[in-house]
Amino acid sequence: MEEKAYAKINLNLHVTGKREDGYHLLDSLVVFPDVGDRVIVMPAKAGQTDLVNLQIVGPFSASLQNEDLKSNLIVKAAYQLSALAKKELSPVNLILEKNLPVASGIGGGSSDAAATLRVLINYWNIEISSQELAQLALKLGADVPVCLTPVAQRMEGIGETLSLLPELPRFGMVLVNHGEAVSTAEIFRKRDAQFSKHLETINSVNNFELLIQELLKLTNDLQLPACALNPKITTVLQSIEQLPFCRLSRMSGSGATCFGLFETAQQANEAAILLAQQHSWWIWGGEGNIK
């Protein structure tokens, strides 16, 4: 069995407050473009003693090879799920095909963990309530709950308050990562101390032009501090903005991946090809809002 772990893109990111425990409160519109990692589950190999074994392959696997795999979010997700099962489970060999850049602000690790939960619930035939699953996901990380159901959503609080967005149109997206990770903690420290307002009620946005007009009213509150810490992000944003038919360029999450929005997936794909001829960055273009 396998599950695709779709990239998570924050179309906006408003920092609305801070809890006493230090966690920041967010208000963000999230979509999932048609690109991501893959999580594959197979029967354990002969002689495997652990319940879960993890192999990492793919274009971005090298940077993860030296980490302690038991601390990987995929392995943590598998073991925490197994603790909720009320039956004996068969050992598994998990394979992560790492296609997304690591530590890039598009929820790669969180989406991998969510995909692991989805595929193992089916593989192990575990009965778990949606409430239990949501609590488990939040324990793994603030971005894991929204990745459990990869459709357009509004994410509030520290990631625990989710609501489906009214139907959004299909559109194209270009994703670009210049290959340099940025520190989320440093970006939050550098951001303007003022907090943004909560978003107004999200009404149905059923055409691309209306979507762009609504998004132009919103911001990513972490973009300016990220650009100050890593000026190359500004270069990336400008390069996307100059692409034919691009209507909006913005950073996703805490960076450093940036995106551009286009009316069609074909426009985005052609723009990505054009940009790849000019830069050696990681670049993808295609469907920006899977249904």
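What follows draws every value from the coordinates through simple rules; no lab data is involved. Here the structure is a predicted model, which means the values were calculated and not measured. Cβ coordinates were reconstructed from backbone atoms using ideal geometry, including for glycine residues, and neighbour counts include every protein chain displayed.
Before moving on, here are some points about what is shown:
- Placed amide H near L13: partners under 5 Å, 5+ positions off or other chain: T219, N220, D221
- Relative contact order, percent, the chain [alpha-carbon distance under 8 Å, six or more residues apart]: 24
- Each other residue within a Cβ distance under 15 Å of E97 adds +1 if Lys or Arg and -1 if Asp or Glu, for a net charge of -1.
- Residue among S239, S254, S90 with the largest mean-square fluctuation in a Gaussian network model of the chain, springs linking Cα atoms under 10 Å: S90
- Three-way shape label, region 152-210, alpha-carbon gyration tensor, a/c 1.5: oblate
- Build a GNM of the chain with springs between Cα atoms under 10 Å apart, and of E88, E186, E241 the one that fluctuates most is E88.
- Checking the cross-link pairs K8/K98; K8/K190; K45/K87; K8/K86; K4/K139; K4/K190 against a 26 Å limit on the alpha carbon distance flags K8/K86; K4/K190 as lying beyond it.
- Cα shape, region 2-163, gyration tensor, a/c 1.5 rule: prolate
- At the listed q of 0.11, 0.13, 0.17 Å⁻¹, the Debye profile of region 81-213, built from one uniform point per Cα, gives log10 I(q)/I(0) equal to -0.56, -0.78, -1.19.
- Relative contact order %, region 208-277, counting alpha carbon pairs below 8 Å whose residues are six or more apart: 27
- Region 19-74 and region 219-291 have their alpha-carbon centroids 24 Å apart.
- Phi angles of region 36-49 translate, via the Karplus equation with coefficients 6.51, -1.76, 1.60 and θ = phi - 60°, into HN-Hα couplings of x, 7, 10, 10, 10, 10, 9, x, 4, 6, 4, x, 6, 9 Hz per residue; Gly and Pro are given as x.
- For region 15-28, putting each phi into the Karplus relation 6.51 cos²θ - 1.76 cosθ + 1.60 with θ = phi - 60° gives couplings of 8, 9, x, 9, 7, 5, 7, x, 6, 7, 9, 10, 9, 9 Hz, in residue order, rounded to whole numbers and with x for Gly and Pro.
- Annotation: amide H of E263 within the under-5 Å range of G172, sequence separation 5 or more or interchain, hydrogens built in the peptide plane.
- Gyration tensor over the Cα atoms of region 1-91: the corresponding equivalent ellipsoid has semi-axes (square roots of 5 times the eigenvalues, largest first) of 31, 19, 14 Å.
- Residue-wise HN-Hα coupling along region 94-99, computed from phi with Karplus coefficients 6.51, -1.76, 1.60 (Hz; x: Gly, Pro): 9, 10, 9, 8, 8, 9
- Within the shell defined by Cβ-Cβ distances under 14 Å, the residues around I187 carry a net charge of -1, with Lys and Arg each +1 and Asp and Glu each -1.
- Entry for the chain at q = 0.07, 0.11, 0.13, 0.16 Å⁻¹: log10 I(q)/I(0) = -0.26, -0.65, -0.90, -1.31, Debye formula applied to identical alpha-carbon scatterers, no solvent contribution.
- Nonlocal amide H pairs with D37, under 5 Å, H built at 1.01 Å: A5, A7, N99, L100
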